[in-house]
1. Provide a single number: the residues in segment A:186-198 that are assigned to a helix (DSSP H, G or I) and either crowded, with 21+ Cβ neighbours inside 10 Å or modelled with pLDDT of 90 or more (or both).
2. Would you check if A:Ile30 is touching a residue at least 24 places away in the same chain (Cβ under 8 Å) and more than 14 Å from B:Gly10 (Cα to Cα)?
3. Among the residues that make up segment B:54-66, is at least one of them buried (at least 16 other Cβ atoms within 10 Å of the Cβ), in contact with a helix residue (DSSP H, G or I) (Cβ under 6 Å, 6 or more places away or on another chain) and of a type outside the set (Asp, Glu)?
4. Which one of B:Phe85, B:Phe14, B:Phe47 is surrounded by 14 or more Cβ atoms within 10 Å (Cβ to Cβ) and at the interface with chain A (Cβ under 10 Å from one of its Cβ atoms)?
5. Report, ordered by the first and then the second residue, all pairs with beta carbons closer than 7 Å, sequence separation of six or more or different chains, a first member in segment A:100-122 that is on the phi < 0 side of the Ramachandran plot, and a second member that is surrounded by fewer than 21 Cβ atoms within 10 Å (Cβ to Cβ) and not in a helix (DSSP H, G or I).
6. Looking at segment A:199-227 only, could you name the residues that are of a type in the set (Gly, Ala, Ser), in a helix (DSSP H, G or I) and either modelled with pLDDT under 90 or more than 17 Å from B:Ile19 (Cα to Cα) (or both)?
7. Need pairs with beta-carbon distance below 9 Å; first residue closer than 30 Å to A:Gly97 by Cα and aromatic (Phe, Trp, Tyr) and within segment A:124-151, second surrounded by 24 or more Cβ atoms within 10 Å (Cβ to Cβ) and at pLDDT 90 or above; sequence gap 6+ or separate chains.
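The values are calculated or read from the model by the stated rules, or taken from the named source; none is laboratory data. Given the structure is predicted, the values throughout are model-derived calculations rather than measurements. Here the Cβ is made from the backbone with ideal geometry for all residues, glycine too, and neighbour counts use every protein chain on show.
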Amino acid sequence: MFREIWYTFLEFLRTFGALQLFFLQLLRSIPIVFVRRFRLIVHQVYNAGALSLVIVMTCGLFVGGVLGLQGHSNLARFNAEDSVGTFAAFSLLKELGPVVTALLFAGRAGTSLASEIGLMRATDQLSAMEMMATNPVRRVLVPRFLGGVIAMPMLAAVFSCVGLFGAHLVGVNLLGVDAGAFWQQIQATIGPEDVWEGIIKSFVFGIVASLLAVWEGYNAIPTAAGVGRATTRTVVITAICVLILDFMITAVAINFGD
Amino acid sequence: MQQTRSVELGTGLFVLLGIGALFFLTTQTTGGDPLGGNETYTVSARFDNVGSLKNRAPVAMSGVTIGRVREVRFDGERLNAVVVFEIDSQYDKIPEDSDASILTAGLLGSQYIGLQPGGSDIYLEDGSEVMFTQSAVVLENLISKYLFSSGGSDADDE
């Protein structure tokens, strides 16, 4: 019993260490890939970013709309309906934008990365590349990783913008908050550091989500079931990591802010 | 080849959209500084009580923001609070005997410094100190003052 726990723990440590080494390996290849295979990165930004736009914008619109509704009905008790813009902007910029985008990104782009790479492994395409003296890390993994890292902050920014638009739609057009008060309150309370917090968060989440997707795909057991398992694990582990990291970054940011 | 072109086009559009969104967030949601990089000069003032005045709180004259609070600290020797604030250099004709008070925006809003012009011919400049100040109104003090004064008038009536 204890022995099993001990071995599970050791196995966890080993995987964790291997993940770090894998990350370093990716980082080392980034400059070369940037110079020699720039077009591959462009394609992956398209795959991870442009193709996720529809889901991110739709979700952003409705999340913003819900913030508008909830904020309005709760703030109305204090006669502070005008602050609904501030409420929505704070939630979107600092928390919901980066976090929800990262979760959607894991579901939309992360799974497709993991299953694509996993299938390449299952069908021995990665070994074939090695035979042709093509480094699969540089040809396959790094462009996909970089594509995700570049796309994530932009997706989060788009999410926040569309969310604000949704909150505006519900708050101003539907519930009759004054448009001037809505924006004036946002501008009066939100500072550059709040926007930066969101950008830093989305950047970190982009690294985590892309790294985990590429890692799970690359280490998938080369069977149909193995690829499916890798896809599932990508979403689950990314969600856990993103939420834990979100808590940690917020804690640090709040301590720095005061 | 056609497909490559459309992918690259899509990527370009996506990146433009992303940068546009970032630009929108940084410029439209943050109030930014109305001072925005203008030259400023630094003035200080002493208050018995600053209430909940924070860094970056606005300094306003006739309701228009002309500066920002840079530092709020406690002077351990003279036992009062020192507030250091910056004022936009284009407003360099503020009389030296102006009066600084800590006011509240709205009933529960954040606090700011309001300047009332004095009549002196000497103007505030970098490093000078505002002599006439009025502390923040603390709600509890106000309430207790009201309670005690009404209690006192009752006693007078008898």
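1. Going through segment A:186-198 one residue at a time, the tally reaches 4.
2. Yes, satisfied.
3. no
4. B:Phe14
5. Close Cβ pairs (under 7 Å, with a partner that is surrounded by fewer than 21 Cβ atoms within 10 Å (Cβ to Cβ) and not in a helix (DSSP H, G or I)) amount to A:Arg121/A:Pro222; A:Ala122/A:Pro222; A:Ala122/A:Thr223.
6. Answer for segment A:199-227, where residues must be of a type in the set (Gly, Ala, Ser), in a helix (DSSP H, G or I) and either modelled with pLDDT under 90 or more than 17 Å from B:Ile19 (Cα to Cα) (or both): A:Ala209, A:Ser210, A:Ala213, A:Gly217, A:Ala224, A:Ala225, A:Gly226.
7. As it stands, the answer is A:Phe145/A:Leu113; A:Phe145/A:Ser210; A:Phe145/A:Ala213; A:Phe145/A:Val214, since those pairs meet every condition given.
This table checks each residue for (1) facing another protein chain (nearest Cβ under 9 Å); (2) without any contact (Cβ under 8 Å) to a residue 24 or more places away in the chain.
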position	(1), (2)
A:Gly171	no, no
A:Leu174	no, no
A:Asp178	no, no
A:Ala181	no, no
A:Gln187	yes, yes
A:Asp194	yes, no
